[in-house]
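All remarks here apply to the structure that follows.
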Amino acid sequence: MTTPAAPERACARCPRALGRSCCEVDGGDQLATLTWADVDRISAAMSRPPRAFAEVEWLTPEDAQDYESRRPLYRGYFSRGPARLTLKRRAGACVFLERGRGCTLGEDVRPTPCLLYPFELWPDGSWSLQVDRFGSLEAARGAAGSSCLAVEEAGSMEDVLAAFSTTRDATAALGERLRGEVSAHRQAVRPAP
């Protein structure tokens, strides 16, 4: 007797259903904001220098201030200047994305913001989603920016949490981890990758 296959996760189905994943971005868009903790963890696990997978995006001081005001977990990130570390792109996608397979980084190595996606702490202290809900796969496919199959298929926040095999408590714990990594990041004096 064979065991039935587990249902395919929304992340694996997203590129087929929506035409791309959250690891693929439009021309001027950037991928996840990294902290030095993310960079060090990836560099050690992959035996690659930071410049192989991370790059700096320079923001205006106003854009950096706006970024922090909309994302409480990143407060203080730009205290040493408006430089944002991001994952590098190759052919419009994260350098660690293997199309058809997904992220080549293990969950213990992935950047904390990637593990948190699509959940985000809002300025009012509530957890919500950092992507819009378009109401249909067709509308999500045609939308500029990020869309998420799990969000489109879900009827509630609990459904989205279940689609990512997580809970509110686990999401909040990842948020606290990111807050700690951002705190260490703003204290680090390091050259850009």
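None of the figures in this text is laboratory data; all of them are computed from the coordinates on show. Please read these numbers as outputs of a predicted model, since none were measured by experiment. Don't worry about glycine lacking a Cβ; one is built from the backbone with ideal geometry, like all the others, and counts go over all protein chains shown.
In this structure, is Val131 in a loop (DSSP other than H, G, I, E, B), surrounded by 13 or more Cβ atoms within 10 Å (Cβ to Cβ) and among the β-branched types (Val, Ile, Thr)?
Spelling it out, Val131 is indeed in a loop (DSSP other than H, G, I, E, B), surrounded by 13 or more Cβ atoms within 10 Å (Cβ to Cβ) and among the β-branched types (Val, Ile, Thr).
Only one of Arg190, Arg186, Arg75, Arg99 is surrounded by 15 or more Cβ atoms within 10 Å (Cβ to Cβ), closer than 21 Å to Ile42 by Cβ and either acidic (Asp, Glu) or touching a residue at least 40 places away in the same chain (Cβ under 8 Å) (or both); which?
Exactly one of Arg190, Arg186, Arg75, Arg99 is surrounded by 15 or more Cβ atoms within 10 Å (Cβ to Cβ), closer than 21 Å to Ile42 by Cβ and either acidic (Asp, Glu) or touching a residue at least 40 places away in the same chain (Cβ under 8 Å) (or both), namely Arg186.
Is there a residue being of a type in the set (Gly, Ala, Ser), in contact (Cβ under 8 Å) with a residue 60 or more places away in the chain and loosely packed, with under 13 Cβ neighbours inside 10 Å anywhere in the stretch 114-128?
Filtering the stretch 114-128 for residues of a type in the set (Gly, Ala, Ser) gives 125-126, 128.
Imposing the further condition that a residue be in contact (Cβ under 8 Å) with a residue 60 or more places away in the chain reduces the set to none.
Scanning the stretch 114-128 turns up no residue that is of a type in the set (Gly, Ala, Ser), in contact (Cβ under 8 Å) with a residue 60 or more places away in the chain and loosely packed, with under 13 Cβ neighbours inside 10 Å.
Hey, any hits in the stretch 19-38 for a residue that's β-branched (Val, Ile, Thr), part of a helix (DSSP H, G or I) and more than 24 Å from Ala150 (Cα to Cα)? Outline the logic, then answer.
Let us first name the residues in the stretch 19-38 that are β-branched (Val, Ile, Thr), namely 25, 33, 35.
If we keep only those that are part of a helix (DSSP H, G or I) too, we end up with none.
So far as the stretch 19-38 goes, no, none of its residues is β-branched (Val, Ile, Thr), part of a helix (DSSP H, G or I) and more than 24 Å from Ala150 (Cα to Cα).
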